[in-house]
Amino acid sequence: MAPAEEIELSPRIADSVKTTTCYMCACRCGIKVHLKDGSIRFIEGNRDHPVNKGVLCAKGSAGIMQHLSPARLSKPLKRVGPRGAGEFKEIEWEEALALATSWLAPIRASDPRRLAFYTGRDQSQALTGWWASAFGTPNYAAHGGFCSVNMAAAGLYTIGGSFWEFGEPDWEHTRYFMLFGVAEDHASNPLKIALGKLKARAPEAAAKFVSINPVRTGYSAIADEWIGIRPGTDGLLAMALIHELLAADAVDFDYLKRYTNAPWLVIQEEGAADHGLFARDAAGRPLAWDLKADCLAEALAPEIEPALAGERRLADGRRAVPVFQLMAARYLDERYAPDRVAAATGVPATTIRRLAAELAHAAFQQEVVLEQPWTDWTGRRHERMIGRPVSMHAMRGISAHSNGFQTCRALHLLQMLLGALDGPGNFRARAPYPRRIPMRTLPENDPAVILAPCRIDKAFSWEAPLAAHGLLQQVILQAWKGEPYPIDTLFLYMANMAWNSAMNVPGTLAMLTDKGEDGAYKIPHLIYSDAYYSEMVAYADLVLPDTTYLERHDCISLLDRPISDADALADAIRQPVMAPDRDVRPFQDVLIELGARLQLPGLVREDGSPRYPGLYADYMANHERAPGIGLLAGWRGLDGDLIGAGPPNPEQVKRYAENGCFFRHELPPEQRYYKHVNKDYLAFAKRLGFVGSEAPVILQLYVEPLQRFRLAAEGHGRVQPPDQHRSRIATYFDPLPFWYEPFEEALVDPERFPLHAITQRPMAMYHAWGSQNAWLRQIHGANHLHMHRERALAMGLVDDDWVWIESHHGRVKGQVKLMDGVNPDTVWTWNAIGKRAGAWNLDPAAPEAVKGFLLNHVISELLPERGGYRYANADPVTGQAAWYDLRVRIEKAKPGEAEATEPRLPPLKRPPGMAAPPAKLRYGAWFQGRR
Ligand code: SF4
């Protein structure tokens, strides 16, 4: 036979293809999994899917190795040795569930707060949060508190939505795109696709892409202009841009009058209980000054011509001025002038002035006009949509600082001044956003919601009053201290709190293993669920092994973080593409079964039998959060012909599966922009339960709830903070954004710790998950500390030198790498590459364990002591973990010191049932007959 005849040109590589949703990062792309003989062969992007349109990234295709990972847990485990030793015995599911129930049932009956239930990068929060509420504990949250709660809370109080998943730039029409602090794993395929299109524009329609980030990697590397800002100063830059725009009158006054609270009058009565609050009429409606009638008027009355400046007298004779006037006075102040902020930000004044001029040019000289009539909330018909095509996007780089809340607010102010929010060319809301401001679940008009520290994580306490997501990073410390009360069971899911999700790793491990005088662990019970042998597993008393994402149902719900885009409502599911080959169960199924055993309301019928015998898939289709509102929006109603609201449809999950596992409803063209004030969209949003009424969502330059907290701190009202917290609340709850030096930077000696240290996330990895993946490890096997070349050379450092990285809290050893594209005062490394030896079933001598290092070792969960108290290393408004406030010094390791990272914790033992990993993990060998 001739060689050509031996080559099979069209081999049959699969005998079935199933659709589902990727879970290799947060983007939730649609995928097609090709299977042969029930085994996975390859993963392809789903071309019909709205998120990725067929694009699959390196992480997505490496889902195969995630699924085949040697670190997969295979059976429930019960601890038999000391906590942390990794000594377990395998048990049956019945015993595991009975044990969990025996811990949980008594505390539910006596004091449900004694359960603390926290999840990591959980994409089923619509279930997990609801389950915790049904249990009766206030102590639950996902990982938002250490990820992006600053950004979320700032947005929710300002624009009724926020950056990242709550919206997206109008890629088709924008002419100027600013990206603040976005790492590659947080916005992967959708952003890559969009940036590709932006850069492919014809010259006459070109859009400029400016990236503001201390590090020039990933997206910053392909930006038209990179601004290597000093960490923690983005807010200062934004306020300097506002200063320049105000000075140049480059402001969209019509937009401010119509859609923001710029004209609302603010009471000026220093010392009064309502100083700084909005002047309101007898019905509680905010007032403005009507220039046409020359009198006070309801601020939202459509026929008035509201004044943006000028002191006015209220009916009781007191003074009031419009928000805009307060704002102009603040930002026109010289402290925000480019020349004054240049040194602090590391951005030259000429650059700041040019950026402001470019923003103004794009907004006012490159207006976008869409010939699309629409009707605003007052009933006024507009013949066309006019956009000021500046768009922005931001993520953890601005969020993970102790000044991040106010920084993020400043970015939204900048958008509003330019009239560049939710119009053509702008950052646009994605349904179900915008919501009313603030959302019903957030503190609004009365600090009385802060009655007492009622949550274990300090969320919504005076130390973190607007903690919209809860504070996972505080849980272990507080549970160990037993403050504000002791807990009984810490229940964690997918949260690697013993390693890359903890600040102060050694301290956290000590707390997890610490015992009281009675010889019992201070945190009595610890249940952990994960699919993999992460560092956290060894610290659990009971391990509930989860499936991989290809082996279960999941729900990307509008009640959680949906996959809508600005033009369409969308949600999705995961379906099992294969059955597990181990004794593992989907965590969501386990929760539903545990809930039934605990007789949680909503999970059992009146006779006590399980309400959802079909477990999560059953719950996804049949659970109603409110009448007609369930987890999934598509194919509702018995006939499956209703969208968003309607009775449950038992066939709903099947309909999703038939449609590629997603649902998408395109908004009609007249509803796609100005959603916050668009009459037709608001009516649609009300019908689907996104908003409680068709009232407009007026954008808030000035956030009155913040002023209410401030007044409480100044001694007004029936609920006030303890004296210890008064000045902190009064200072940081400023209703207009201001910039302050990040806390750690202000508290440590700048000469001793002269450098900022931050982490970045690589495109090829999604936290600890990705860095154990056999294919992705080949891209990033060990992390370095990246330094500016000149700074390093001045210290006598060259590539691969070992250095100590020391903070006020501790030190860790790693190797340096020199580069040019980094702010000279900043060092950085890839996050979560370093691993504890033995974890993730990697060889204890793997580069991740020997050379890779974890910056978390030198980050403290508490700030240095001041006034006898140590506050959390966090934003004072939301409690967001201030990961990127870290200050360090670098010192070359001494000759003779080990060429390995330190500290190195004792290797973890392999748990029972986990086979040693093969020396070479070769995917494909088995189906090619070459094992
Ligand atoms: S971007 Fe994220 S969700 Fe999309 S294919 Fe890549 S890893 Fe999967």
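The values are calculated or read from the model by the stated rules, or taken from the named source; none is laboratory data. Being a predicted model, the structure only gives us computed values, none of them experimental. Here the Cβ positions follow ideal geometry from the backbone for every residue, glycine too, while neighbour counts run over all protein chains shown. We work out accessible area using only protein heavy atoms, side chains counted, and drop any ligands, DNA or RNA first. Shrake-Rupley method; radii C 1.70, N 1.55, O 1.52, S 1.80 Å.
Note down all Cβ pairs under 6 Å where the first residue falls in segment 251-272 and is farther than 18 Å from Phe709 by Cβ and among the hydroxyl-bearing types (Ser, Thr, Tyr), the second is open to solvent by less than 60 Å² (accessible area, probe 1.4 Å) and modelled with pLDDT of 95 or more, and they're at least six residues apart or on different chains.
Tyr255/Gly419; Tyr259/Val677; Tyr259/Leu699; Thr260/Met416; Thr260/Leu699; Thr260/Leu701
Considering only segment 169-195, how many residues are at pLDDT 90 or above, among the hydroxyl-bearing types (Ser, Thr, Tyr) and within 16 Å of the ligand (Cβ to nearest atom)?
Number of matching residues: 0.
For segment 108-126, check the following and say yes or no: at least one residue is more than 16 Å from the ligand (Cβ to nearest atom), within 30 Å of Gly482 (Cα to Cα), among the polar types (S, T, N, Q) and open to solvent by 10 Å² or more (accessible area, probe 1.4 Å).
yes
Filter segment 27-64 for residues that are more than 12 Å from the ligand (Cβ to nearest atom) and among the polar types (S, T, N, Q) and give the result.
Ser39
So is Ala85 surrounded by 15 or more Cβ atoms within 10 Å (Cβ to Cβ), within 16 Å of the ligand (Cβ to nearest atom), small (Gly, Ala, Ser) and at pLDDT below 95 or not?
Working: surrounded by 15 or more Cβ atoms within 10 Å (Cβ to Cβ): yes; within 16 Å of the ligand (Cβ to nearest atom): no; small (Gly, Ala, Ser): yes; at pLDDT below 95: yes.
In short, no.
Just to check your reading of the model, which residue among Leu558, Leu569 is buried (at least 23 other Cβ atoms within 10 Å of the Cβ), assigned to a loop (DSSP other than H, G, I, E, B) and out of contact with any helix residue (DSSP H, G or I) (no Cβ under 7 Å at 6 or more places or on another chain)? Walk me through how you get there before you give the answer.
Working: Leu569 fails: assigned to a loop (DSSP other than H, G, I, E, B).
None of the other options fit; the residue is Leu558.
Only one residue in Val80, Val17 is modelled with pLDDT of 95 or more, in contact with a strand residue (DSSP E or B) (Cβ under 9 Å, 6 or more places away or on another chain), under 24 Å from Arg655 (Cα atoms) and away from the ligand (no atom under 15 Å from the Cβ), so which one is that? Walk me through how you get there before you give the answer.
On the way: Val80 fails: under 24 Å from Arg655 (Cα atoms).
Of Val80, Val17, the one residue that is modelled with pLDDT of 95 or more, in contact with a strand residue (DSSP E or B) (Cβ under 9 Å, 6 or more places away or on another chain), under 24 Å from Arg655 (Cα atoms) and away from the ligand (no atom under 15 Å from the Cβ) is Val17.
Mind counting the residues in segment 486-503 that are open to solvent by less than 20 Å² (accessible area, probe 1.4 Å) and modelled with pLDDT under 95?
9
Using beta carbons and a limit of 6 Å, which pairs, at least six apart or on different chains, have the first residue in segment 29-58 and among the small types (Gly, Ala, Ser) and the second one modelled with pLDDT under 95 and open to solvent by less than 20 Å² (accessible area, probe 1.4 Å)?
From residues that are among the small types (Gly, Ala, Ser), the pairs are Ala58/Ala764.
Run Glu168 past the list (1) open to solvent by 10 Å² or more (accessible area, probe 1.4 Å); (2) farther than 17 Å from Pro389 by Cα and report the number of the one that doesn't hold.
(2)
Being in contact with a Gly (Cβ under 8 Å, 6 or more places away or on another chain) and surrounded by fewer than 23 Cβ atoms within 10 Å (Cβ to Cβ) narrows it down to one of Leu747, Leu736, Leu699, Leu711, so name that one. Show your work before the answer.
Details: Leu747 fails: in contact with a Gly (Cβ under 8 Å, 6 or more places away or on another chain); Leu736 fails: in contact with a Gly (Cβ under 8 Å, 6 or more places away or on another chain); Leu699 fails: surrounded by fewer than 23 Cβ atoms within 10 Å (Cβ to Cβ).
Only one candidate passes the filter, namely Leu711.
Going through segment 317-376 one residue at a time, which ones are small (Gly, Ala, Ser) and either under 21 Å from Gly423 (Cα atoms) or touching a Leu at 6+ places or on another chain (Cβ under 7 Å) (or both)? Give the derivation first.
Step one: list which residues in segment 317-376 are small (Gly, Ala, Ser), which gives 317, 320, 328-329, 337, 342-344, 346, 349, 356-357, 360, 362-363.
Correct list: Ala320, Ala328, Ala344, Ala356, Ala357, Ala360, Ala362, Ala363.
Among (1) out of contact with any helix residue (DSSP H, G or I) (no Cβ under 7 Å at 6 or more places or on another chain); (2) surrounded by fewer than 21 Cβ atoms within 10 Å (Cβ to Cβ), where does Asp514 come up short?
The number of the failed condition is (1).
Given the conditions (1) in contact with a strand residue (DSSP E or B) (Cβ under 7 Å, 6 or more places away or on another chain); (2) surrounded by fewer than 22 Cβ atoms within 10 Å (Cβ to Cβ); (3) of a type in the set (A, V, I, L, M, F, W, C), which single one is not true for Val719?
(1)
Can you find a residue that is aromatic (Phe, Trp, Tyr), in a strand (DSSP E or B) and out of contact with any helix residue (DSSP H, G or I) (no Cβ under 8 Å at 6 or more places or on another chain) anywhere in segment 746-762?
Applying the first criterion (aromatic (Phe, Trp, Tyr)) to segment 746-762 yields 753.
Add one more test, that the residue is in a strand (DSSP E or B), and what stays is none.
No; the residues of segment 746-762 include none that is aromatic (Phe, Trp, Tyr), in a strand (DSSP E or B) and out of contact with any helix residue (DSSP H, G or I) (no Cβ under 8 Å at 6 or more places or on another chain).
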